[in-house]
Amino acid sequence: MASLLALNVGICHYRRYFVSQDSLEKKQLEDVLLDTDYLETCLKNYDIVIPDSGMTMQENVRRHYEEKHNINDVHICERVLQEKYPEDYRAFEWVLERNLMTLGNMTVAPKALFDEYCNWLFDILAEVEMRIDITSYDDYQKRVFGFLAERLFRAWLINRPLKIREEHIIFLPER
């Protein structure tokens, strides 16, 4: 019950973590993980902590998605945004035409801001889910909603006047 009363919350992935450097080299994971104290100190000066931006190897995010996933999923997401959040649709289009991405579906933020983001995101994804048929997708492509969430996150950030702190993340291999 105590976690429900937290002022700040965050999400990460079981193989992705916020770290003080982007490589372990000769250090143990525990030595480079960003701890709660550090992240809470960040939130005294910033509104939100996110993974550092990465560049696509393709010309833009849209092309990257088209090469790696089913581009029709993006088209459906665009339609949903136009219907539900037209003010964020333009930001999403802007994101798709750039070559910067924020991967990982990771963030740390005050609970109220995190809740605002989650309400926005899951409202969109619930509608997208009703319109996408994933029965023919392999296990990797069935993660479509996570892939779309990564692209939507940056659009959500653009339309909010937030002070953003970017931190390194590390991707651990599957065991």
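Below, the figures for the structure above:
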{"item": "Filter pass, residue 117 being hydroxyl-bearing (Ser, Thr, Tyr) and part of a loop (DSSP other than H, G, I, E, B)", "result": "no"}
{"item": "Entirely in segment 28-72, the helices (runs of 4 or more DSSP H) that have 2 or more residues that are among the charged types (D, E, K, R) and modelled with pLDDT of 90 or more", "result": "36-45, 61-68"}
{"item": "Top-ranked residue of segment 157-169 - restricted to ones that are surrounded by 18 or more Cβ atoms within 10 Å (Cβ to Cβ) and out of contact with any Leu (no Cβ under 7 Å at 6 or more places or on another chain), ranked as nearest to residue 110 (Cα to Cα)", "result": "157"}
{"item": "Candidate set from segment 117-156 (those that are of a type in the set (Asp, Glu), more than 14 Å from the chain's Cα centre (by Cα) and surrounded by 14 or more Cβ atoms within 10 Å (Cβ to Cβ)); member that is farthest from residue 17 (Cα to Cα)", "result": "127"}
{"item": "Segment 79-116: number of residues that are within 23 Å of residue 39 (Cβ to Cβ) and out of contact with any strand residue (DSSP E or B) (no Cβ under 8 Å at 6 or more places or on another chain)", "result": "3"}
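Listed here are the residues, each with its yes/no results for (1) surrounded by fewer than 17 Cβ atoms within 10 Å (Cβ to Cβ); (2) free of Cβ contacts under 8 Å to residues at least 40 places away in the same chain; (3) in contact with a helix residue (DSSP H, G or I) (Cβ under 6 Å, 6 or more places away or on another chain).
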residue: 37; (1), (2), (3): yes, yes, no
residue: 44; (1), (2), (3): yes, yes, no
residue: 52; (1), (2), (3): yes, no, no
residue: 58; (1), (2), (3): yes, no, yes
residue: 64; (1), (2), (3): no, yes, no
residue: 70; (1), (2), (3): no, no, no
residue: 74; (1), (2), (3): no, no, yes
residue: 85; (1), (2), (3): no, yes, no
residue: 96; (1), (2), (3): no, no, yes
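The values are calculated or read from the model by the stated rules, or taken from the named source; none is laboratory data. Keep in mind that this is a model prediction, so the values were computed, not measured. Virtual Cβ from ideal backbone geometry, glycine too; neighbours counted across all protein chains shown.
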